[in-house]
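Bear in mind these aren't lab numbers, they're just calculated from the coordinates by the rules spelled out. A quick note: this is a predicted structure, and the numbers were derived from the prediction, not measured. Glycine also receives a Cβ, built like all others from the backbone with ideal geometry; neighbour counts cover every protein chain displayed.
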Amino acid sequence: MSIKLSNISKSYGNIEVLHNVSFEVHPGEITAFLGPNGAGKSTCMKIITGWLTDYAGTVTVCGYDISKDPIAAKRCIGYLPENNPLYPEMYVREYLEYIGQLYRVANLHGLVDEMIERVKLEEVCGKTIGTLSKGFRQRVGLAQALLHNPEVLILDEPSSGLDPNQLGEIHSLIKELGKEKTILFSSHSLQEVADLCEHTLIIHKGEIVADAQMSELIKEELLEDIFKRLTK
């Protein structure tokens, strides 16, 4: 199992944002994490990646308990947060080499060259990150998440704010990556989810309200109906 959550609950003060959340994401699967703003998607992703540690329940990534063996679990994870934390004053290549040094990857320069080509950053690799469009910044974020060749990718709103051309490019890249990695990504777009995903999780008010294969939801015409009811 690539990702397994068992009875995850999380509160901020007296406000419970996750309540007994349990689900599994299988190897080689592109899974959408769908829900309205404030449903608990980002909090759940931060727990999976080890950013949040004060919660009840158990999370395992590639067989490692994130709370008991965080280093081993995090080696398996590539993470692109909702607010892509880049250094705007750094050049693209400089930034990726810096991230590679943190990961202590072998053959750093060759790997950075490979990643620049893979996510199509060739035309901007000599520019500072602060001068890039949102689409290219998202590509840089994906490149840093992929540098250490993780088995699992966690992508929080990877297509937010992109124009139609940039959206198509990011979708193509996610589909390509899904052939070899397990991907969990959050989204507000039903069309995006239908185009990209095999498996869908829907969360509402901190609880999982749907966990099914995309083909089943589409066949039963349930996906749009569920989402409409949750966003009223």
For region 70-116 and region 1-25, distance of Cα centres in Å: 28
Charge sum, other residues only, whose C-beta stays under 11 Å from H26's C-beta, Lys/Arg counted +1 and Asp/Glu -1: -2
Local electrostatic count, I77, Cβ distance below 13 Å [Lys/Arg +1, Asp/Glu -1]: +1
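If each DSSP helix of 4+ residues adds -39,500 (n - 2.57) and the sum is divided by the residues in the chain, what number results at 222 nm, nearest 500 deg cm²/dmol? Kindly include the intermediate steps, with their values, before the conclusion.
Values: 9 runs with 85 residues, N = 232.
Helix-only estimate at 222 nm: -10500 deg cm²/dmol.
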Lone cysteines, the chain (no partner Cβ under 4.7 Å): C44, C125, C197
Inter-part distance where region 38-52 and region 142-190 are each reduced to a Cα centre, Å: 17
Trypsin sites (Lys or Arg not before Pro) restricted to region 1-83 and DSSP loop, no more than 13 other C-beta within 10 Å: K68
For region 84-149: relative contact order, % (alpha-carbon pairs under 8 angstrom, 6 or more apart): 50
Approximate shape of region 1-59 as ellipsoid semi-axes (Cα gyration tensor, √5λ), whole Å, largest first: 20, 13, 10
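For each of H109, H26, H188, count neighbouring Cβ atoms within 10 Å of the residue's Cβ, then give the residues from fewest to most.
Least to most surrounded, the residues fall as H109, H26, H188.
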Kirkwood-type radius of the chain, with distances r between different C-alpha atoms, in Å: 18.2
P(r), alpha carbons of region 118-173 - 5 Å bins starting at zero, rounded %: 4, 18, 31, 26, 16, 5, 0
Cβ-based net charge around G161, under 15 Å, with every Lys or Arg adding one and every Asp or Glu removing one: -3
